[in-house]
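Read through the structure below, which is laid out as structure tokens, and then see the notes.
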Amino acid sequence: MSREPDSIPNPNGCHWCGVDREQHLQRWAPGIAWHIWIEPTTEQRVDRLKARRNA
């Protein structure tokens, strides 16, 4: 079952919620609560790129 490309976070999106840095400000995420943009890990970036390619 593949996901739609638009539902896969940007590879450089927030570590917790996937929202782009320029649009993030402060966000709420279930299990995380209010948070600022946190840089994604290299592994997250690679996984997101692979998911986009496969979609």
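The values are calculated or read from the model by the stated rules, or taken from the named source; none is laboratory data. Here the structure is a predicted model, which is why all the values come from computation and not from measurement. Cβ atoms come from the backbone with ideal geometry, glycine included; neighbour counts cover every protein chain shown.
Do we have Pro9 as under 11 Å from the mean Cα position of the chain (by Cα) and either surrounded by 10 or more Cβ atoms within 10 Å (Cβ to Cβ) or at pLDDT 95 or above (or both) here? First the steps, then the outcome.
Values: under 11 Å from the mean Cα position of the chain (by Cα): yes; either surrounded by 10 or more Cβ atoms within 10 Å (Cβ to Cβ) or at pLDDT 95 or above (or both): yes.
Spelling it out, Pro9 is indeed under 11 Å from the mean Cα position of the chain (by Cα) and either surrounded by 10 or more Cβ atoms within 10 Å (Cβ to Cβ) or at pLDDT 95 or above (or both).
How many of the residues in segment 31-46 are surrounded by fewer than 10 Cβ atoms within 10 Å (Cβ to Cβ) and outside any loop (DSSP other than H, G, I, E, B)?
First, the residues of segment 31-46 that are surrounded by fewer than 10 Cβ atoms within 10 Å (Cβ to Cβ): 31, 33-34, 42-43.
Add one more test, that the residue is outside any loop (DSSP other than H, G, I, E, B), and what stays is 33-34, 42-43.
Summing the residues that are surrounded by fewer than 10 Cβ atoms within 10 Å (Cβ to Cβ) and outside any loop (DSSP other than H, G, I, E, B) in segment 31-46 gives 4.
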Original post:
Cβ-Cβ below 8 Å, separation at least six or inter-chain, first residue in segment 27-42 and over 9 Å from Cys17 (Cα atoms) and free of Cβ contacts under 8 Å to residues at least 40 places away in the same chain, second aliphatic (A, V, I, L, M) and in a strand (DSSP E or B): which pairs?
Top reply: His35/Ala29
